[in-house]
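Written out below as structure tokens is the structure these notes cover.
The values are calculated or read from the model by the stated rules, or taken from the named source; none is laboratory data. Because the structure is predicted, anything quoted here is derived from the model rather than measured. All Cβ positions, glycine included, derive from the backbone under ideal geometry; neighbour counts span all protein chains shown.
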Amino acid sequence: MKCIVLCLFSIGVMTSPCSMAKLNSPLAKSQYFEYAPYNSAALKVANKQQAAKLVKSRMGGKVLSVKAVKGQQAYKVKLLKDDGQIVSVYVNAKTGKIKG
């Protein structure tokens with residue numbers, strides 16, 4: 001019986017307006033979501049948009065997708081070139097060098 005009362009109390013506290021307001025605050029969201037995958041102060045390419053812009057400016061074509069590479073400070077950019085060829089390249093976030 002104590003377990004049931006304790007569970008119901010816990011559910012009530014977790015769904016109370018005060019606790020829900022805390023989750024919707026900007027500070028609470030920043031605790032749960034990481035907006036930039038790397039420390040942008042030490043990087044030449046700090047986010048996906050910069051990686052896409054860099055590759056497009058150097059290689060031309062249309063950017064199809066950009067993904068952060070897990071475990072590395074790099075981005076994988078998939079590009080549709082003007083001749084119809086699809087290529088994937090990697091952008092080193094520290095140096096800005098493109099490989100692939």
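Miscellaneous remarks
- Qualifying residue in segment 40-63 (condition: in a strand (DSSP E or B) and at pLDDT 80 or above): yes
- Residues of segment 68-100 that turn out to be in contact (Cβ under 8 Å) with a residue 12 or more places away in the chain and in a strand (DSSP E or B), as a count: 16
- Within segment 38-60, the set of residues being surrounded by fewer than 17 Cβ atoms within 10 Å (Cβ to Cβ) and in contact (Cβ under 8 Å) with a residue 24 or more places away in the chain comprises A42, K44, A46, R58, M59.
- Residues that are surrounded by 14 or more Cβ atoms within 10 Å (Cβ to Cβ) and on the phi < 0 side of the Ramachandran plot, drawn from segment 61-75: V63, V66, A68, V69, Q73, A74, Y75
- Looking only at residues in segment 69-78 that are of a type outside the set (V, I, T) and at pLDDT 95 or above, the one that is farthest from A42 (Cα to Cα) is K78.
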